[in-house]
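The values are calculated or read from the model by the stated rules, or taken from the named source; none is laboratory data. Keep in mind it's a predicted model, so treat the numbers as computed, not measured. A quick note on method: Cβ atoms are made from the backbone with ideal geometry, for glycine too, and the neighbour counts reach across all protein chains shown.
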Amino acid sequence: MRDDQILAELIRNGDKRSFEYLFKQYFTSLCRFALIYVKQEIVAEELVYELFSSLWEKRKDIHIEQTFKAYLFQAVRNRAINYIRDHRDVVNLDELDALRLADDPDTRLEMEELEHLISEAISSLPDRCREVFVKSRVEHKKNAEIAQEMGISIKGVEASITRALKHIRLYLGESYSYCLIFLAGIKTFFEFFVF
């Protein structure tokens with residue numbers, strides 16, 4: 001959070017290198033995330049480009065209350081929903097229901113349950129695997145940085161992350177596998193599943 005506040009301050013002051021860092025850090029993931037909603041790669045990329053363009057134009061007004069990651073994913077989700085609303089002659093009722101899931105009390109309860117299960121799954125990982133996974137997906141550290149900190153190879157970091165994701169998916173079972181990607185868009189806790 002502190003790093004994001006510093007980054008926001010640098011961008012507010014017009015630091016192009018900081019903005020470029022933010023762009024490179026999140027562009028690909030945001031495009032993949034937008035694609036879940038709009039189903040068209042070009043449109044997803046345009047939405048993300050527009051977001052960054054708007055962010056730079058309005059940089060003096062940047063106030064990050066959470067993390068940049070949460071802020072950007074929420075902004076892309078909002079843009080994608082607006083795009084669907086404005087550019088489709090007919091919107092499938094199932095799609096509309098899916099887009100409203102975040103506001104449904106039952107869905108919120110299910111998300112809380114899923115979050116609890118994911119926390120349990122992460123807790124049940126072997127110590128070293130859990131540490132690597134948390135550093136990667138929660139602390140947002142690069143594989144090389146994790147490898148250096150923990151004194152292991154980058155391949156070892158990658159293998160631990162792969163094992164952790166597989167373990168979490170198995171732990172959750174079939175009953176929740178359908179919602180992992182979609183829920184990534186609703187709640188930042190689930191974002192590590194879309195990378």
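Tyr71 fulfils the conditions (1) under 22 Å from Asp3 (Cα atoms); (2) modelled with pLDDT of 85 or more except for a single criterion, (2). Of the residues screened, Ser124 is not one that is touching a Cys at 6+ places or on another chain (Cβ under 8 Å) and either at pLDDT 85 or above or of a type in the set (S, T, N, Q) (or both). For Ala144, state whether it is crowded, with 17+ Cβ neighbours inside 10 Å and modelled with pLDDT of 85 or more. Considered against the rule, which asks whether it is crowded, with 17+ Cβ neighbours inside 10 Å and modelled with pLDDT of 85 or more, Ala144 comes out as no. Starting from the stretch 3-29, keep only residues that are hydroxyl-bearing (Ser, Thr, Tyr) and surrounded by 11 or more Cβ atoms within 10 Å (Cβ to Cβ), then list their pairs with residues that are modelled with pLDDT under 90 and not in a helix (DSSP H, G or I) whose Cβ atoms are within a distance under 7 Å, requiring at least 6 positions of separation or different chains. Here the result reads Ser29/Val194; Ser29/Phe195, each pair linking the stretch 3-29 to a residue that is modelled with pLDDT under 90 and not in a helix (DSSP H, G or I). Out of curiosity, is Glu65 surrounded by fewer than 17 Cβ atoms within 10 Å (Cβ to Cβ), assigned by TED's automatic domain parsing to the domain that holds Asn143, among the charged types (D, E, K, R) and modelled with pLDDT under 80? Here the answer is no, as Glu65 does not meet what is asked. Taking the stretch 1-33 as the search range and keeping residues that are part of a helix (DSSP H, G or I), at pLDDT below 90 and among the acidic types (Asp, Glu), which one is farthest from Leu55 (Cα to Cα)? Result: Asp3. Kindly establish whether Lys69 is more than 25 Å from Arg85 (Cα to Cα) and part of a helix (DSSP H, G or I). Spelling it out, it is not the case that Lys69 is more than 25 Å from Arg85 (Cα to Cα) and part of a helix (DSSP H, G or I). Within the set Tyr37, Tyr49, Tyr26, the sole residue that is in contact with a Phe, Trp or Tyr (Cβ under 9 Å, 6 or more places away or on another chain), farther than 17 Å from Tyr71 by Cα, among the aromatic types (Phe, Trp, Tyr) and not assigned by TED's automatic domain parsing to the domain that holds Asn143 turns out to be Tyr37.
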